[in-house]
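For reference, the structure discussed in these notes is given below.
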Amino acid sequence: MISSSNCIFCLIASGQAPANCVHEDATTLAFMDVAPASDGHLLVIPRSHHESILDVDDGAITDVARAVQKMARAVQKALTPDGMRVSQFNGRAAGQTVFHYHVHVVPIRAGERPASHGRAAGDPDRIEAIAARIRASL
Ligand code: 5GP
Ligand code: ZN
């Protein structure tokens, strides 16, 4: 499916819903998670709508993988975390809450436990300050 009108990530991809975007290209988008697990938590999505890893097509999955690596490198340069979790959830039972295929990039600092993602909205000013550093590192 190209797009779904009741999918928040499709609305973000088409510019109909706001997001703090850090990178975009013809087929993918990277934006800051609104309820981050750690400072710098971002999401990478294909522009096209696929519910999960089970139905994302070959082109989209490889485009997203490349964009994830590009974003992980930018996060490393911008924020110098000690590590980074790159993760992806499929199906409600696995914790998926937005049914548009996406990959989380979560910077980790040694000794810090990341919060659960999607629970508490982050401070928009703090998120923007971090996003600006990531954009500058691309
Ligand atoms: P998952 O489906 O992999 O469990 O997580 C979905 C993620 O999307 C959560 O971390 C949540 O905070 C994030 N999210 C949900 N709605 C929005 C939104 O409208 N904008 C942004 N930027 N992130 C969102
Ligand atoms: Zn969608």
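The values are calculated or read from the model by the stated rules, or taken from the named source; none is laboratory data. For clarity, every value in this text was computed on a predicted model and none was experimentally measured. Please note: Cβ atoms are built from the backbone with ideal geometry, for glycine as well, and neighbour counts cover all protein chains shown.
Data overview
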{"read-out": "Pick from the range 115-136, criterion at pLDDT below 95 and under 14 Å from the mean Cα position of the chain (by Cα), ranking: nearest to Asp39 (Cα to Cα)", "value": "His117"}
{"read-out": "Pair list, Cβ under 6 Å, 6 or more apart: the range 3-26 residue in contact (Cβ under 8 Å) with a residue 60 or more places away in the chain, other residue of a type in the set (A, V, I, L, M) and part of a strand (DSSP E or B)", "value": "Phe9/Ile45; Asn20/Met32; Val22/Ala30; His23/Ala30"}
{"read-out": "Checklist (1) in contact with a Gly (Cβ under 6 Å, 6 or more places away or on another chain); (2) touching a residue at least 24 places away in the same chain (Cβ under 8 Å) applied to Phe89, failing item", "value": "(2)"}
{"read-out": "Answer residue from the range 25-39, given it is in a loop (DSSP other than H, G, I, E, B) and among the polar types (S, T, N, Q) and is farthest from Ala129 (Cα to Cα) among those", "value": "Thr27"}
{"read-out": "Positions within the range 40-84 being in a loop (DSSP other than H, G, I, E, B) and of a type in the set (Lys, Arg), in sequence order", "value": "Arg47"}
